[in-house]
Amino acid sequence: MTLGIMVVASIASGLSFGHTPGTVLGTLRFFRFWLGFGIGGDYPLSATIMSEYSNKKTRGAFIAAVFAMQGFGILSGGVFAMAVSSIFEYVYKAPPYEVDALGSTVPQADHVWRIILMFGAIPAAMTFYSR
């Protein structure tokens, strides 16, 4: 259940809607709240599942791996955000802020944060399985 909430809320965060910046931020806050709700449920469940389904010999290593993957996810998310930003900067050239403050942000820059937020649904969606 928490995994489904995380996938849906992550995709919905990137699809935040509205005609003004305030309404976009309002819907973004709403969906990010539910993403946090899903993450908050998933953290303790991951460690619990690993401790219940592992044997005594490997239990400690599996639980350590669960918590180590959190750091790996944070690191890979930052690397992905820098890569997407670099690609958009290369494709959509804009003058520096010092030269043209208004023109330094291209309209396509709105897509950058949306892509980054929606990409977070992919690792969570890859963990779904059926018995």
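Going through region 98-121 one residue at a time, which ones are out of contact with any Gly (no Cβ under 9 Å at 6 or more places or on another chain), open to solvent by 80 Å² or more (accessible area, probe 1.4 Å) and modelled with pLDDT of 90 or more?
Residues satisfying the conditions are E98, V99, H111.
In contact with a His (Cβ under 9 Å, 6 or more places away or on another chain), modelled with pLDDT of 90 or more and not polar (S, T, N, Q), is that true of F80?
In short, no.
Would you tally the residues in region 9-28 being in contact (Cβ under 8 Å) with a residue 40 or more places away in the chain, open to solvent by 40 Å² or more (accessible area, probe 1.4 Å) and either part of a helix (DSSP H, G or I) or of a type in the set (G, A, S) (or both)?
Residues that pass the stated criteria total 1.
Can you name every residue in region 29-63 that is of a type in the set (F, W, Y) and either surrounded by 12 or more Cβ atoms within 10 Å (Cβ to Cβ) or within 22 Å of the chain's Cα centre (by Cα) (or both)?
F30, F31, F33, W34, F37, Y43, F62, listed by residue number.
From the residues in region 79-95 that are assigned to a loop (DSSP other than H, G, I, E, B) and open to solvent by less than 70 Å² (accessible area, probe 1.4 Å), which one is farthest from L117 (Cα to Cα)?
Step by step, filter region 79-95, then rank; the result is P95.
The values are calculated or read from the model by the stated rules, or taken from the named source; none is laboratory data. Note that the structure is a prediction, hence the values are computed from the model and not measured. Note: ideal-geometry Cβ built from the backbone for every residue, glycine included; neighbour counts use all protein chains shown. With ligands, DNA and RNA removed, areas are computed over all heavy atoms of the protein, side chains included. Shrake-Rupley method; radii C 1.70, N 1.55, O 1.52, S 1.80 Å.
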